[in-house]
Amino acid sequence: MSLAHAVLTSLIEKPSSGYELARRFDKSIGYFWHATHQQIYRELARMEEKGWIVSDSAPDAGATRKREYKVLPDGRAELVRWTSEPAAPMDLRDEFTVKIRADAALNEVDLSDELRARIAQHTERLAHYRAIEARDFARGDAMPRAKRLQHLILKKGIMFEEGSIAWAREALAVLEVSAGAAKPIILND
């Protein structure tokens, strides 16, 4: 996936200035596709050069250079083309998992504090996701298809955080039980 497709999606949902887009990105798509504000602005310029989007002075721009970006038919066609292609499975690259493997080999590392910190971080993110769910997806309400799909995305985040918490608690229990074990455990590849 490219950042361009995430930006196109967000702009189709709502034409925006670069600043508004970056802020909305932080509060939605940014949970599963991170980009800095600088990366978003660079991507907006590239997409405008390709003819996928157009920008005009924002109605509230005044004397500033504030621009509002809108998706053009070529941008919509690109997003349709991209969504029609199969997505690659998620590629998990987790530095902490490598640390756990190193601990198994070394048997002299204490990752308990880092695990506790991760449990706290995942618990905080889970609470945030559940607050969004309670606010935006009240139980029992009939929702249009687009909103049900957005809810599914949020549910994936909730399940990820719940799974991460459960895994970290289990790992912490293993570390606490096996603390001080005399011999390293070598895992076969």
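The values are calculated or read from the model by the stated rules, or taken from the named source; none is laboratory data. Remember, predicted model here, so these are calculated numbers, not experimental data. With ideal geometry, Cβ positions are generated from the backbone for all residues, glycine too; neighbour counts draw on all protein chains shown. Keep in mind that these areas ignore ligands, DNA and RNA; they rest on the heavy atoms of the full protein, side chains included. Shrake-Rupley method; radii C 1.70, N 1.55, O 1.52, S 1.80 Å.
Rounded to a whole number, what % of the accessible area of the chain do carbon and sulfur atoms account for, probe 1.4 Å?
Details: 7380 of 13160 Å².
The value for the chain is 56 percent carbon and sulfur by accessible area.
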- By how many nm would the segment from residue 166 to residue 93 lengthen if fully extended, with 0.36 nm per residue of separation less the alpha-carbon distance? 24.4 nm
- Sparsely packed GluC sites (Glu not before Pro) within region 93-127, loop by DSSP, other Cβ within 10 Å at most 15: 108
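What number comes out for accessible area per residue over the chain if the probe is 1.4 Å? Units Å², please. The partial results should precede the final answer.
Values: 13160 Å² over 189 residues.
Value for the chain: 70 Å² per residue.
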- Per q in 0.10, 0.17 1/Å, what log10 I(q)/I(0) does a Debye calculation on the alpha-carbon atoms of the chain return? -0.61, -1.15
- Calculate, in nm to one decimal, what residue 176 and residue 145 gain on full extension: separation in residues at 0.36 nm each, minus their alpha carbon distance. 6.5 nm
- Angstrom value of the Kirkwood radius, inverse mean 1/r, which spans all Cα pairs in region 85-177: 15.6
- At each listed q (0.11 Å⁻¹), what is the log10 of I(q)/I(0) that the Debye formula gives for region 28-139 modelled as equal alpha-carbon point scatterers? -0.72
- Message: So if I place +1 on the C-beta of Lys and Arg and -1 on the C-beta of Asp and Glu, and nothing else carries charge, what would the dipole magnitude of the chain be about its Cα centre? I want it in debye, nearest 20.
- Response: 720
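Divide by every residue of the chain the summed helix terms, -39500 (n - 2.57) for each DSSP H run of at least 4, and state the resulting mean residue ellipticity at 222 nm, rounded to the nearest 500 deg cm²/dmol.
Details: 7 runs with 118 residues, N = 189.
My calculation for the chain gives -21000 deg cm²/dmol from helical runs alone.
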